[in-house]
Each structure stands twice: as C-alpha cells, then as structure tokens.
1. Would you please list the contacts, defined by Cβ atoms under 7 Å and residues six or more apart or on different chains, that run from a residue in segment 478-507 that is within 18 Å of Ser435 (Cα to Cα) to a residue that is acidic (Asp, Glu)?
2. Considering segment 189-222 alone, what residues qualify as being among the charged types (D, E, K, R) and in contact with a strand residue (DSSP E or B) (Cβ under 8 Å, 6 or more places away or on another chain)?
3. For segment 227-251, what are the residues that are touching a Leu at 6+ places or on another chain (Cβ under 7 Å) and under 15 Å from Val312 (Cα atoms)?
4. Between a residue in segment 354-381 that is of a type in the set (S, T, N, Q) and any residue that is assigned to a loop (DSSP other than H, G, I, E, B), which pairs come within a Cβ distance under 7 Å, given they are 6 or more apart or on different chains?
5. Just a yes or no: is a residue in segment 402-412 modelled with pLDDT of 95 or more, more than 18 Å from Val491 (Cα to Cα) and of a type in the set (Lys, Arg)?
6. Listed residues Ala208, Ala273; which is assigned to a loop (DSSP other than H, G, I, E, B), over 33 Å from the mean Cα position of the chain (by Cα) and touching a residue at least 12 places away in the same chain (Cβ under 8 Å)?
7. Can you find even one residue in segment 4-14 that is free of Cβ contacts under 8 Å to residues at least 60 places away in the same chain and assigned to a loop (DSSP other than H, G, I, E, B)?
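The values are calculated or read from the model by the stated rules, or taken from the named source; none is laboratory data. Model, not experiment: these values are computed from the prediction. Counting neighbours? That spans all protein chains shown, and the Cβs are built from the backbone with ideal geometry, glycine included.
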Amino acid sequence: MPFVYGVTQPELNYKADNLDVRVKLTDNLVYDGKRHSMIITLVNRGNRAMDMRKVEMYFHSLYMVEPDYLPDPGGYQLADYHVRLDHIKGMLFRMKFLRRFGIMMPNDPKEIKLTVQDWGVSKTDVPNNWYLVAKGLDAKPILSTTVEDQSFVEDFVDPNQYKRYRNDQYSPFSPLARFDHIKGDDLGPAISRYTVIPTPKEVMYDTANPVVIDDTWVISTPPALLNEAHLLRDKLGLKVVDAPVATNAIILEIGNTGYNDKDSYVIKTFDCADVISIKGGSSSGVFYGAQTLISLLTDNGTISLGRLPGMVIIDEPRFEYRGVHLDVARNFHPKETVNDLIDTMAHYKLNKLHLHLSDDEAWRLEIPKLPELTSVAGRRCHDLKETSCILPQLGSGPLPLPPGSGYYKREDYRDILRHAAKNHVEIIPEFQMPSHAHAAIKAMEERFRRTNDIDHLLTDLDDKSEYMSVQMFDDDAMNPCIESTYNFVKVVINTIKNMHIGITPLEVFNLGGEAVPEGAWVNSTACRKAFPNVAPEDLPVYAKAYFMSRLAKMVIIDEGLRIAGYEDAFFLNGEPLPGGSDNLLVYPYQNVWEWGLANRAYKLANAGYPVVMSPVTHLSFDHPYEPDPNEPGFYWASRYLDTQKVFSLRPEHLYNNIDVKRSGEPLTRLDVCGVNDVNCDPLRAPNNIKGLQSFGWTEIIKDKDTLQSMLFPRMLALAERAWHKEPWENTTVTPERDYEMFANKVGYRELPKLDRDQVKYRIPMPGVSVATNNNRDFQINMKAEFPNLQLQYSSDGGATWTDYTRPFIISDVNKMYLLRTLSTDGLRSSRVASFAINDIIGQKK
C-alpha cells in the first residue's frame, strides 16, 4: 500500500466518502451584486478523525473566488479559516488546508466564508463533483457533492440570497403569483382540434366533405420522394407504391405550390376519389406537408387513421433559416441524443442545427490528422499540466467520464449527418476561434511536445501576454499572427468537408468569433512584427480583423463555403466590417437592452450581412423558466425566460420587444433608443433577416433529460415564430389571446406527442387563487400554464395526492398544502410548490 506524506489511497478515499460538504450562498445585497458571499461547511461524517493538512480540495466556481486577491500566482491565504486558495484555470479552484486547520473530529463542523465575484442566486451557480487530491495518489470525488440535484447547496430563503442587487425586482414565484402570471384559460380540447404547430399560412376546412383514411389506402410517390413517403409509412402504417393511384391514396409530388419557397407545400383533399394530395416546392416541402398531415391525424398523442375534414392547406415558412443551437463542448451529448433532437426539430419544421463543437472546455470531433484534439482536448480529468486531458471544468470531476469527456468519431458525425439529411435538417458545425480555444491550444501544445510538430501550433511560443477571459482562462486565444494557426484551421475545414461527402455537402463553416479577451497578443513577438505600427494595446482588435480576413479568404474563396459567426466576429470599432455579402452568415445576440448593443442586428442587415436573429433576452434556452433558485439555468441575459416570452418575440420589429432591464425594472423605447430613435438603427434591408435561432448552451446541462426540459416546450414557440408571422408583431401589444390559443394547442395536442416520443419537456408548476366570502372557508382554484395537464394537491406532506378536478375548500388557515402538475401520461411530475392560507394572506398584504 503506497504511503505518501502520511496519506494513503484508502485514507484519501475514506476522507472523500465521509467529508460532508454544504454550501450556502448568503448575501448579494451587501455588495449590491458586485460580489456575493459563500459559506462552505465541512463536516466529518465518519467515525474517526480526519487529518486534512496534506489533502487538497478542488472545486468549481462560475465566477472568480476572492476577486480582490485572485488570480495571483501565489494564491491567497484566508488566515481566519487556515486555508489557502488558488485559481487553477477557468472555473477550477484549489483549497489547501494549512497546519492550523487541524484535525477534523467526527461531526465537528468547520466553516469557511468566501467572497465571490458577481452574484449567486441559483443552486446551479454551484457546480457539483468537488474532489480531493493528495500527492502521488488518484484524485477522488467527494461523495456528498456528486449529487445531480444540487442538494449539497442549501435552500435560498432570504431576499439577500435570491435577489442579485438592491433594485432587483424578481422574487421566486409563490403559487399565488404564479396563478396571476399564467395568462389565458383552458378552452377545452375541441378548440385545438385540427390545429398544427407551427401555424400554416392558409387553412380552409370543409367538414361537409370529409375523407376517411383506412388501412386500404396507399402512399403513391415518385422515386425522388421515397424518403418522404417512408416518413408517412412509418407513422401511418400504409404501403408505399411508385405507381399512379386514382383513389384511396396519399399522393406525393413536387410542383407549383403558388410560392417560390422550396419548403412550401399544398395539401388538398378530394372527397369524390378519397385522395389526399401533398405537393411541395421541393422534397423538403413535401416533407413538411407530410409532417402537417401526421399532426392532423394525431389526437392526444396517438396517431391513427380515420376521418379528416375536407381541406386545402397552403403553407410556406416565414424564414428560410429556422435554427437550434446546441453546445456539446461544455458538456458532451452523444449522437443518439442529437438524433432524437433532430427528429423533434423536423416535426416542428425547424431545419438548421448549429452544433457548437469546441470551446475552452473541450474539442468534440475527431480530426484524424490531429489526434490530440480528441485524445487530449476531448477529455477532462485531473492533470494540472494538461498533457493527457483538459482540466476539469463545470463540475466534471477528476475522472475522464461523460459528460465532461467524450467526442464524436468520424462515423458518429456522419451518422448525425445522415439522420439530419433524412429529416431535412442542415448541420452547421462550429469551432470557436480565435478565442474560446483553450482546449485546442493545449492539444496542439501537447502535439508539439510529443512530435515536434510546429506547423499546427496555435500559440506564439514567445508570447508573454497576460489576460483573463470571461470564463477565467489566461490562454484561450489562438494567435492570428503565426502561419501555423491557419495550417490548423485548413486541416479542420478539409476534414469536415470530407466527412460530408456522400451525404450532404458542407455549405457553412462557423468559426464562432466571439470577443477576444483584452490584452491577448499584446506581447506576442509575431503580432508585433505583423503590425509594427499598431500600439500594443490595439493589437487584439487589428489581429482579430486580420484573422477574419484570412479566414474569409480560406473559407469562401479557397473552399467555396459560406462563413458564419457571432456578431462580435464582424464588428470593428462599433461598426460592421465592410464587405457584407451572401457568403456570410451572422448571429447577432447581444440585445440586453441596457447594454446599448441591440441595434447591431439591424446594422449588420443594413450593411449587407445575412442575419439570423438570436436575441438572448428571448432565445436563450439555457435560462431558467422562472426566477427561482431551484430552477436550473444561467440568467446573464434575463432573470428568466418562459414560453410566453419566446412566443411574443417580434424578430422584424426588434425594438417592439423592449420591456425590462435585467433587474426587471421597466424600460420604454425612449429609454433604450433615445429621442427620435437615435440609438436604434431602423431595419432598411428586411430581406437580409434570414431567420431565427435559439441558444442551447450546456454549462449546467449534463444529461438528455435536462437538455430536453430546457429546450421544450420553449422550442415549440421558437418554431411558431420562425415559421409563422402574426399581425401583432407590428405593435407593442402583448399577444395574450393568441398565446392563450397557443398554450391550449401545446397542452392538448403537442405535449401528448412529446410524451409519446419520450421527450422530457419541462412540466410547469401550478398556481393557485384563493376566494372567500366569510373569512372562514377558502375556495382554492388551481391552474398551470398549459391545459390538459393533471393537477394534484396533498394535505399530508405528499404521502397521498388528490387529483384536482374542481375548486376545493380549505378551513385550516395554518395547514400546509403541496401542489404539483403531472405530464399528460402521468409518469412525471413538476417541482412541488407549497402554501398555507396564512402565507397567502400575508402575501396579499
């Protein structure tokens, strides 16, 4: 048994298994949101003493710990608590226990109080999977922190804990507040029968002349539409034939739909011959027509043949680009999860999947010529030198396990491409550059050490620049001033192009292009040689512009592709770079109203850039659904983002969306745009608005169930806005009546489909209203955002549950009731809410 400085592996394991870690985020308001305080309580739950003096504890923080003192190469000693802190890299920190920390006796708690940058108002602000390290031994996860429900983080019960700053308008929804927040009523299942999401452009029903589909029907198709025919065959169970059929048939064809859009389609029924015709502007149009027919034949989640009214549906999409962004770099999601997402996207006529395949924390695609990109950068583990893996981030723990570790092999990626092509979804691969590139940089440095390959290095070996990115990396910017960077990019592009061959050609290469940290490259010898007349402090701006011009030539001219990126990539000194053209594609996202950058989207469009609207205030699906510490999600753009807000987006009238600051304080258009809209450029080139895309960043999304709950049902509202335009978008009127109808369609028609397909959408919590006539008995009404979900209440602490069918009476004002919502199949439930009448009376006061 190895013995190292008095610590053996079994002893380290014992400490990790018996050290109880509790974290309490205590106060944001004393610092007015610029800092927050955290108390870490360590308790020895074992039956013998623990000597922690030769043990180090590693943990993650989304923000800098002790920001007045760190980062510092010498660390920072908290004398009052006898520990020393070090910032290691990114979100990874180390705590060393000093001699006077002493011995931890059983059940004797030790508290350590820290100050952390910015605010902390959510349990997911504290990443899990902390771990212990001792010299020469294997790192060991601390068992009490390995829970995925964040139960080692204490509840937030005080406004100082759940408010970010003193003027924060948000508090967790009480059941009463949630009831008031839910707009619209249950209109019953009949109101949404024969409705489709997204809403078709023109629909005419003739109930007097129905068609009846039975199992004698066939699907008649030309060979070019076999893929679309097979979709109907698999869903409806009908035979496919490639010959003309005069009756009892669904006939597929490509032809004139009355619209020029290739995704347009027309569905017509002919009752005299019992025929349904689906005509598309192309195969994709036929595919979307088939999806509409499948929706019409689905009731309460079940697809069945039977009677349909006579109909004429003439439809085309509002936007050509209807996209979903999925980050698989921060946390990896396997190809099966991606393919399931593609299936659901296709049903709702979403057609672009933007795969974020690299970032500081990992590289996720096999590049055979540069194997270190996956053998090193595709893994996260405890290796301080980062020669075998990237350091743990975001609670990934010390071992190289999913979801921190993982990557797509070449055939995995091609399988995703095949599945996407079948569903008319384009895969847009993204590799972040030149910033957010820590993982790739470390992989190429290790390749250089192993093979002396200097031709693919991403760093100038003489660069002594000091900087810190938002994610707290000091080495995440590829150097634009060395030729090896462009050799690297060329290998990546050529590899990706080759992977697409034989399936669907690569059309767009996305380089990300987010802001470069201030100070990057200022002491790079190569950059000073490349820009001898530029002041060092201006090097990041000029070097990045040079990088963009080189990449544009490489991607557009040399490779014949379009180049895409976030808005940062295409701005210089506050204005779009010259040269906007159809060869480019931009995702403007920074519309947080008080930042004054919302006009960038229209500036880009007016400058000739094709723009995909991605406003973070409405399309960040990594944000919480409610302003509650127990709701997972980041909240940097808005405190919460519910489905109604996604539905209410006006992408072609962006300034009509102005509502509140991040604090929740009301904003007017005058506040943001100034007199005569001086700060809000008008949209002069509406044809350059090409579509919508949501963001699915995965810092806190580690598994398929969480991913699906964060995407759905918000993605249904995205699909509605990307495909269908409403007249109210030209106004600032809140579309409450339209959302009421949408919510009914979601509840009665779409959630049962998602349950059938085992999509774990978020189940909304119920709200309550209280009425009384005599101040003795209280009538309780319950409601959830989406009708057709079973509501339940419990008066015995959850031991038994009663289905809510009508208002019920409470007489005991002190008795605590629990509330929850069930999925349409009854197999899952929402988070549980609680209330007592006296609590509600207090809230009203």
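1. Close Cβ pairs (under 7 Å, with a partner that is acidic (Asp, Glu)) amount to Asn479/Asp460; Asn479/Asp463; Cys481/Asp460; Ile482/Asp460; Ser484/Asp455; Asn487/Asp455; Ile493/Glu559.
2. Correct list: Arg193, Lys201, Glu202, Asp206.
3. Passing the criteria: only Ile250.
4. Ser358/Ala329; Ser358/Arg364; Thr374/Glu366; Thr374/Tyr407
5. No, segment 402-412 has no match at all.
6. Criteria check complete, one pass: Ala273.
7. Taking every residue of segment 4-14 in turn, at least one turns out to be free of Cβ contacts under 8 Å to residues at least 60 places away in the same chain and assigned to a loop (DSSP other than H, G, I, E, B).
For (1) closer than 22 Å to Arg35 by Cβ; (2) of a type in the set (Phe, Trp, Tyr); (3) surrounded by 22 or more Cβ atoms within 10 Å (Cβ to Cβ); (4) in contact with a helix residue (DSSP H, G or I) (Cβ under 7 Å, 6 or more places away or on another chain), each residue gets a yes or a no:
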site: Leu98; (1), (2), (3), (4): no, no, no, no
site: Phe101; (1), (2), (3), (4): no, yes, no, no
site: Met105; (1), (2), (3), (4): no, no, no, no
site: Trp119; (1), (2), (3), (4): yes, yes, yes, no
site: Lys123; (1), (2), (3), (4): yes, no, yes, no
